[in-house]
1. Per-residue HN-Hα couplings for region 249-254, Karplus 6.51 cos²θ - 1.76 cosθ + 1.60 at θ = phi - 60°, whole Hz, x for Gly and Pro?
2. What is the extension gain from Asn151 to Gln63, computed as 0.36 nm multiplied by their sequence separation minus the C-alpha to C-alpha distance, in nm to one decimal?
3. Hey, what did region 150-286 get for relative contact order, percent, Cα under 8 Å, at least 6 apart?
4. Over 25 Å between Cα atoms: which of Lys115/Lys146; Lys50/Lys115; Lys124/Lys207; Lys128/Lys222; Lys124/Lys222; Lys124/Lys146 fall into that group?
5. Residue by residue through region 174-187, which ³J(HN,Hα) values in whole Hz follow from phi under the Karplus form 6.51 cos²θ - 1.76 cosθ + 1.60 (θ = phi - 60°), with glycine and proline marked x?
6. Out of region 65-132, which trypsin sites (Lys or Arg not before Pro) are coil in DSSP terms and have no more than 12 other C-beta atoms within 10 Å?
7. Please compute the Kirkwood hydrodynamic radius over region 143-286, one decimal place, Å, based on all pairs of different Cα atoms.
8. Long-range amide H contacts for Val273: which residues qualify at under 5 Å (H placed 1.01 Å from N, peptide plane, sequence gap of 5 or more or a different chain)?
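No value in this document is a laboratory result; all are computed from the given coordinates. These figures come from a predicted structure and were not determined experimentally. With ideal geometry, Cβ positions are generated from the backbone for all residues, glycine too; neighbour counts draw on all protein chains shown.
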Amino acid sequence: MKKFTSILSLLPALLLLASCSGALLSAQPGSQSDQAQVVDANANEPFSYKPYAEVLDAYVNEQGFVDYQGLQANRQRLDQFNASLTAVDSATYDSWTEAEQMALWINAYNSLTLKSIIDESPIKDSIKDIVGVWRIKQHAVLADGKTLTLNNIEHDVLRADFNEPRIHVAINCASFSCPDLRMEVYTGDKLDAQLDEQVRRFLSNPKGLRIDREADIVYLSKIFEWFGEDWTPSYGVDSGFTGNQNERAVLNFISGYLEADDQAYLAEGNYRVKYIDYDWSLNVQS
């Protein structure tokens, strides 16, 4: 299950990391939110989500849109958190629960995506306008002296190490059609509930799911087309629903979040599946 160490050994060590101990925040006792945002990196030095939580609270609104200009002008907390990611060594990481590991990578992906956007001056209208943002640009993550791209985090860690398709509603690609960027950090103790809430929120939005009974068409986000195979291990079915193997698995998964009449409609399979055009416009606050 924990293949990350072997994955890292295959990646080029493009830069040596300086000590980041000065970048860590110590957890302040007494606050319930602070306690929920701390994972022990080692016995003496806690790893804190607090600076990233403050970024989300200050610059992300309830619709999941981001004040990138404000964040760019006041980026110290984001940079502090991203630097602190290199404090966790592989042995410590392997001692964490699977939920804690997943939460770390989801938060890292989202925070490094924010960094990628505000590194540009002027800020681009779409993340797709940033050359190499997913496949080339390297980020220091964990204390192994290696670097990862955003694609490495998504495909070689999150998708490879965890049988959890709900990660696709948690990681955010800084675009309008993405599932909304959550206003709080993901934590191991709350991860299952947070992911479920993200699914419900995404499916309640027309960018995630639309059911047109008059035309007998079910419109799905293209995320379900691009990554449909991730749902087949846990949600694959041999009968019911419609479409290919991946589509049936996705529809089976989705039905679990819908009202009974919609569940029955999807299970009957008397409809076509169409995918919604993806809007890559930046998820920026207007």
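1. Couplings: 5, 4, 5, 5, 4, 4 Hz.
2. My answer for the length gained is 29.2 nm.
3. In percent, rounded to a whole number, it is 25.
4. Beyond 25 Å between Cα atoms: Lys124/Lys146.
5. 6, 10, 4, 7, 5, x, 4, 5, 6, 7, 10, 6, 7, 10
6. Numbers: sites: Arg75, Arg77, Lys115, Lys124, Lys128; in loops: Arg75, Lys124.
Here no trypsin sites (Lys or Arg not before Pro) fit, given the DSSP loop and packing criteria.
7. Every distinct Cα pair counted, the radius reaches 16.3 Å.
8. Amide H neighbours of Val273, under 5 Å, 5+ apart: Val218.
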